[in-house]
Every structure is written in structure tokens, then in C-alpha cells.
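Q: Have a look at this one before I ask anything.
What follows is calculated from the coordinates using simple rules that are stated; it is not laboratory data. These figures come from a predicted structure and were not determined experimentally. Positions of Cβ are backbone-derived with ideal geometry, glycine not excepted, and every protein chain shown enters the neighbour counts.
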Amino acid sequence: MVRKNGKKWLRLSGFTMIELLVASAIMLVVIVGALALYSRSNQISVDQQQYAELQHDVRSALYFITRDIRMAGAGLPPEFGMYAIEGFNNEDQGAEVRPDRIRLLGNMENPLNIRIKEYQGSSVTVSLEDGSFEQFPYPPEFYVNRIVLILPNPSSPCRTGEVRQITHITWSTGGTNEQFNMSPGLAPGINPPRGLLAGSPCQSDDFDGGLIMFANVKEFWLDVTGQYSGLTPGQNGYVGEPGILYMTNNGIHFPLAQNIENLQFEYNGDLNDDGLLDGFQPWNNTWSDDQISRIRQIRIILVGRTPNRFVSVSGKVPANIHNYRRPTVSDSQGSTTDDYHRRFILETTANVRNLTINIYNTGQR
């Protein structure tokens with residue numbers, strides 16, 4: 001466009017409407033593409049972050065389970081090895097997933113193994129040989145409120161133990177008159193494996209020459225509903241949310257990991273007494289005391305599940321990929337449909353160390 005301005009002629013330039021529309025369209029395409037790329041990258045980042053957290057939870061939980069399984073039976077005489085382990089196969093919590101549970105007994109955390117001089121069963125005093133406390137570096141206050149397991153003399157026919165809680169100890173100068181003093185009755189909420197407390201009562205002298213030790217009764221179990229029967233959220237460590245894996249130690253529940261979908265255990269030992277390990281199998285309630293004392297290895301299988309769907313997955317998951325559906329684990333059935341939650345599965349085998357290395361070990365690797 002040309003216009004006269006005084007004596008000068010000026011040429012005015014600009015964009016036509018078509019040029020503006022074309023430029024706007026190009027800019028819009030660039031912006032939309034950049035936003036799409038950012039959105040996709042953000043989705044992948046969010047998915048990978050929750051998957052990384054899931055892997056951390058599963059690995060950490062597996063470490064604690066494996067560590068304590070290795071310590072099962074610590075301090076127990078071989079005659080009481082049948083009380084070191086108790087399994088529960090496919091526990092029915094009213095949900096589709098039925099996890100396993102395992103209960104362990106042993107002196108796992110603080111060494112203590114003292115011979116009893118005199119103990120009249122169910123009394124509140126355990127008399128010890130002089131100098132017994134001098135074998136251990138604990139001050140008197142260390143013993144207060146500790147849970148102890150009292151076992152009869154292994155040479156006696158009695159196989160019934162007691163779990164008690166210490167109130168204080170008697171410890172005279174020079175290591176004489178040494179005694180454990182306890183509250184009347186068994187320690188509340190403590191349930192050792194396989195009915196250790198429920199056998200026929202011992203005679204009053206069966207405990208003379210027996211053993212007293214610090215005891216840890218530990219259970220590893222998975223809450224799949226968040227409404228576990230008999231437990232109240234907020235009490236004794238119970239959270240009350242689904243997908244929480246717990247370690248229960250002497251009646252107190254400790255959450256180990258969240259977003260856990262399934263927990264399975266399998267057991268291996270020379271159960272038929274032929275000198276060879278039989279292979280891994282789920283817990284069987286018909287196993288005898290002798291067979292359980294022959295268990296040498298435990299396989300742990302832990303399945304984690306992301307709390308949210310993988311938003312970066314689009315379209316239909318290929319039929320041969322099972323990362324996005326619950327898998328079949330041991331004798332626990334999997335799902336036949338995809339739910340787009342990513343899984344992480346870890347499996348390991350733990351030797352029951354305190355049963356494996358003693359001279360009563362049977363079964364060859």
C-alpha cells in the first residue's frame with residue numbers, strides 16, 4: 001500500500017489475514033506437539049517412579065523375611081526343633097488372593113541361654129546356678145519386661161514350654177542367689193509355633209535342668225483386605241489398609257512394606273527320611289513333628305503391585321505378557337485378565353541355618 005504524506009510517499013507493509021491464519025495454525029501444531037511430548041514424558045516418569053518405589057519395598061521386605069528365617073530355631077535344643085517353624089497355606093481372608101503366613105520361634109536378637117536349677121512349673125521364680133548372669137554382659141535393668149521361653153529338660157519326656165514376661169531379676173553380689181522373677185501367668189498375646197504351650201502339662205521337676213532364653217515369636221503375613229479378623233486399626237501397630245506386609249514380633253505388628261499383592265512360602269527337606277531332599281512344596285498340615293524338624297530350606301515368593309494403573313500403557317496388552325495381571329505363584333491362582341497395574345516378583349531361598357548346621361542334620365544337597 002502506498003500513501004502520500006506531505007511531499008514523501010510511504011510504503012506500508014503488514015500480514016494478510018490468510019498469512020495470520022496459517023502462522024497461527026503452525027504455532028498451534030507446535031504447541032500441541034510440545035504439550036503431548038511433555039505429557040507422555042511425565043506419564044512415563046510417574047509410572048517409573050511408582051515402579052521404582054515398588055521394587056524398593058519388595059526387596060526390603062524380602063531381606064527381613066530371609067534374615068529371620070535363617071535364624072529360626074536359634075537357641076532351641078534339637079529335641080525342640082519341631083517348634084521352630086509353622087506354616088499356614090493360602091490363608092482365607094475373604095478375598096480372591098490367599099497369601100501364606102509363616103510363624104518362627106527362636107532366640108533371634110539377644111543371646112541368652114541359661115540352665116535352670118529349679119523351677120516349679122507356672123511359678124513366678126526361676127532359680128539359676130550361681131554365676132549364670134555373669135555369662136552375659138547385660139545390666140539388671142536390661143531384663144525387665146523381656147519375653148523369655150522356658151523349656152523343660154530335653155532328657156525328660158515333656159515337650160511343653162512356657163512363655164513368660166520378666167519383672168526383675170535377683171542378683172546378689174558375687175553371683176549368688178540368682179533368679180528370674182516373673183508376673184503370674186503366661187505372657188499375653190504370645191503364641192509360639194505348633195502349640196508349644198498347649199501340650200500335656202509337665203511334672204514339677206521336668207524343668208529342672210531345662211533352659212531359659214529370650215524368645216522372639218515372629219510372624220510374616222500379608223493383609224489383603226485391610227480388615228483382618230481380630231485386629232483393630234491403630235492398635236499394636238496394625239494399620240488397617242490392604243496390601244500391607246507385616247512382621248509380628250511378640251504380639252506387636254510392624255508394617256514392612258506396602259503395595260504387596262501376594263506372599264507364598266514353599267518348604268524343602270528330607271521329610272521321608274531317605275537321605276535326600278524331597279523338593280519344594282507348600283506347607284502341609286499333616287506333617288508330623290519329625291518331618292517338620294527335617295525342613296532345611298524355605299523358598300519365599302513376593303509379588304508387588306503398583307498402587308495405580310500404568311497410564312503410559314495404551315492399547316491392548318499382548319496376550320503373552322503378564323506384567324499387567326496377577327500371576328500364578330506356587331499354589332496360589334493368578335488372574336485371567338489384565339488390570340494395567342505393573343507387577344514386580346522376587347523369589348529367594350533361605351537355609352534354616354540353625355537346623356541345617358547342627359549334627360542332627362539329615363538330607364544331602
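Q: Whole-Hz ³J(HN,Hα) for each residue in the range 341-347, computed from phi via Karplus 6.51 cos²θ - 1.76 cosθ + 1.60 with θ = phi - 60°, x for glycine and proline: what do you get?
A: Ordered by residue, 3J(HN,Hα) equals 8, 7, 10, 9, 10, 10, 9 Hz.
Q: List, in order, the whole-Hz ³J(HN,Hα) value for each residue of the range 240-254 obtained from phi through the Karplus relation with A = 6.51, B = -1.76, C = 1.60 and θ = phi - 60°; use x for Gly and Pro.
A: Ordered by residue, 3J(HN,Hα) equals x, 10, x, x, 9, 8, 10, 10, 9, 10, 6, x, 9, 9, 10 Hz.
Q: Between Asp331 and Glu141, take the C-beta separation as r, use R0 = 51 Å, and let me know the FRET efficiency to the nearest 0.05. Let's see the in-between values first.
A: On the way: r = 48 Å, r/R0 = 0.94.
My answer for the efficiency is 0.60.
Q: What number does the chain give for Rg over Rh if you use C-alpha atoms and the Kirkwood radius?
A: Reported Rg/Rh, Kirkwood definition of Rh: 1.29.
Q: While we're here: Over what distance in Å are the Cα centres of the range 65-90 and the range 193-240 separated?
A: One Cα centre to the other: 13 Å.
Q: Here is a follow-up. Express in nm, to one decimal, how much length is gained between Leu276 and Ala34 on full extension, taking 0.36 nm for each residue of separation and deducting their alpha carbon distance. Before the final figure, lay out each step's value.
A: On the way: separation 242, 0.36 × 242 = 87.12 nm, distance 6.43 nm.
Value of the extension gain: 80.7 nm.
Q: Now, a different point. Highest first, please rank the peptides 21-31, 187-197 by the mean number of other Cβ atoms sitting within 10 Å of their residues. Walk me through the numbers on the way to the answer.
A: Working: 21-31: 10.4, 187-197: 17.4.
Output ranking for 21-31, 187-197: 187-197, 21-31.
Q: Sticking with this structure for a sec: Nearest 0.05, what FRET efficiency do Ser172 and Thr66 give at R0 = 51 Å with Cβ-Cβ as r? Could you put the intermediate results ahead of the total?
A: Details: r = 43 Å, r/R0 = 0.84.
With a Förster radius of 51 Å, E is 0.75.
Q: Sum -39500 (n - 2.57) across every DSSP H segment of at least 4 residues in the chain, then divide by the residue count to get the 222 nm mean residue ellipticity, nearest 500. All intermediate terms of the calculation are to be shown ahead of the outcome.
A: Numbers: 3 runs with 62 residues, N = 365.
Computed ellipticity for the chain at 222 nm equals -6000 deg cm²/dmol.
Q: Just to check I understand the Karplus step: with θ = phi - 60° and J = 6.51 cos²θ - 1.76 cosθ + 1.60, what whole-Hz values come out for the range 138-145, glycine and proline as x?
A: Taking θ as phi minus 60°, the curve returns 7, x, x, 5, 5, 7, 5, 6 Hz for the range 138-145.
Q: On C-alpha positions alone, give me the angle between the axis of helix 17-70 and the longest principal axis of the chain, in degrees, nearest 10.
A: It is inclined by approximately 10 degrees.
Q: Describe numerically, in nm with one decimal, the distance between label points set 7 Å from Cα along Cα→Cβ at Ser204 and at Asp339.
A: 6.0
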